Amino acid sequence: MQKRRLGRTDLLVSQICLGSMTWGQQNTEAEGHAQMDLAFSRGVNFIDTAELYPIPPKAETQGWTERIIGSWMKSRGNRDKVIIASKVVGRTANAWFRGGRPSKLVRADIFDAVEKSLAKLRTDYIDLYQIHWPDRDIPWGSNPTRVGAVARRADAVGAPADETPIAETLAVFEELVEAGKIRHLGLSNESSWGVMRFLAESDKGVGPRIVSLQNAYNLVNRTFEVNLAEVCQREEIAFLPYSPLAQGYLTGKYDHGARPQGSRTQLFNRGQRYETPNAAEVLLQYSELARSFGMEPALFANAYVTSRPFVTANIVGATSVAQLDMALSSVEVRWTEEMQKAVDAIHQRVGNPCP
């Protein structure tokens with residue numbers, strides 16, 4: 001398990017980051033602990049979570065994932081060996097995060113989120129604190145293959161009246177860094193414009209410089225490569241891709257319309273991102289390609305993401321120890337030029353059906 005520098009920081013993170021969004025919903029506390037034990041025994045030192053988790057977001061379960069991580073670190077006495085990444089929600093009408101009112105990226109809401117996460121994680125600081133999604137009115141994921149309209153500019157600066165200015169948000173995170181509550185700031189579900197605006201503000205001396213970006217990236221969504229790969233490489237921003245298995249659709253278990261009992265899509269009906277026109281046919285092509293190389297589709301899909309030269313840490317997730325074991329094994333796969341050419345041949349024909 002290689003360790004890689006997180007942006008310009010002094011943190012060295014494992015090339016696999018353990019995702020946690022099933023703990024507290026699909027997984028019990030004991031199962032979450034077992035996954036963390038396995039991952040750390042295999043060289044992982046990096047866990048990603050969020051105040052939102054577990055998924056699907058609900059008032060009655062919100063925050064349980066952080067509690068499970070906190071109880072694990074306390075029981076193992078290993079906080080100094082764990083690099084924790086968490087997130088504050090972007091603008092949302094869901095009122096349960098802030099005690100009955102909507103939330104946005106302003107000082108009161110960000111401080112509220114941090115303090116609650118610190119308490120649940122049972123720690124004094126968060127290593128990497130990320131903005132889960134922007135305050136701006138943009139498509140989810142921030143990198144669609146097409147856009148119907150861009151939010152209207154309301155003034156010369158380009159910020160509509162009800163948006164929280166990026167500079168204002170950054171100033172809050174500067175306070176948190178100075179207070180020792182967070183060490184570094186990252187973004188998630190952000191666009192090229194958004195990343196560069198955050199950098200531009202910090203270059204002017206406003207707030208901390210962002211160190212990482214967490215966006216979806218997998219075989220059926222390579223939109224990161226279009227503009228953001230160059231942005232992150234030249235600006236030394238760590239890329240932390242999530243959903244390498246496309247919410248399980250790249251495991252082959254949903255091929256031919258199957259919906260296994262207990263699977264996420266069967267339980268929650270949240271797979272619309274991966275049920276776009278032609279997606280089923282494309283997903284099947286990647287499953288068949290993986291098997292032609294003698295690999296399970298899940299291993300192949302994770303190995304693809306783990307092997308990308310612009311990836312700092314692949315955020316993997318699982319609902320069983322067996323699934324996690326396979327994801328961790330992706331670091332051992334030798335990704336060949338033949339594999340890459342075969343993947344690119346499919347991508348050339350179908351593009352990004354699930355952005």
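FYI, it's all coordinate maths here, none of it is from the lab. This is a predicted model, so every value here is computed, not measured. Please note: Cβ atoms are built from the backbone with ideal geometry, for glycine as well, and neighbour counts cover all protein chains shown.
Computed quantities for the displayed model
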{"quantity": "Restraint check, 58/120; 120/181; 3/341, Cα-Cα greater than 19 Å", "calculated": "3/341"}
{"quantity": "Cut-off under 5 Å, modelled amide H: who pairs with residue 185 long-range", "calculated": "129, 211"}
{"quantity": "Sequence ranges 49-60, 287-298, ranked by mean other-Cβ count within 10 angstrom, highest first", "calculated": "49-60, 287-298"}
{"quantity": "Kirkwood-based Rg to Rh ratio, the range 111-254, C-alpha trace", "calculated": "0.99"}
{"quantity": "The range 86-130, relative contact order [Cα under 8 Å, separation at least 6], %", "calculated": "40"}
{"quantity": "DSSP bridge orientation in the chain - percent antiparallel, rounded to nearest 5", "calculated": "15"}
{"quantity": "Residue (of 348, 50, 191) at the positive-pole extreme of the chain, dipole from beta-carbon charges", "calculated": "50"}
{"quantity": "The range 187-320, relative contact order in percent, only Cα pairs under 8 angstrom and at least six apart counted", "calculated": "26"}
{"quantity": "Relative contact order [Cα under 8 Å, 6+ residues apart], the chain, whole percent", "calculated": "18"}
{"quantity": "Packing rank of 225-237, 162-174, where each peptide gets the mean count of other beta carbons within 10 Å, highest leading", "calculated": "162-174, 225-237"}
{"quantity": "Cut-off 15 Å between beta-carbons: net charge of the residues surrounding residue 176, Lys and Arg +1, Asp and Glu -1", "calculated": "-4"}
{"quantity": "Longest to shortest principal axis, alpha-carbon extents of the chain, angstrom", "calculated": "53, 50, 38"}
{"quantity": "Förster radius 45 Å - calculated FRET efficiency between residue 179 and residue 344 (Cβ-Cβ, nearest 0.05)", "calculated": "0.45"}
{"quantity": "Binned Cα-Cα distance frequencies in the range 222-355 - 10 Å width, integer %", "calculated": "11, 42, 37, 9, 0"}
{"quantity": "Kirkwood-type radius of the range 199-295, with distances r between different C-alpha atoms, in Å", "calculated": "15.7"}
{"quantity": "Fluctuation leader among 13, 147, 206 - the chain, Gaussian network, Cα springs under 10 angstrom", "calculated": "147"}
{"quantity": "Amide H contacts of residue 16 (H built 1.01 Å from N, under 5 Å, at least 5 apart or other chain)", "calculated": "314"}
{"quantity": "Gain on full stretching of the segment that runs from residue 71 to residue 58 - 0.36 nm per residue minus C-alpha separation", "calculated": "2.6 nm"}
{"quantity": "Cα-based equivalent ellipsoid, the range 15-74: semi-axes from gyration tensor eigenvalues, Å", "calculated": "20, 11, 9"}
{"quantity": "Choice from 344, 109, 325 showing the highest fluctuation, given a GNM over the chain with Cα pairs closer than 10 Å", "calculated": "344"}
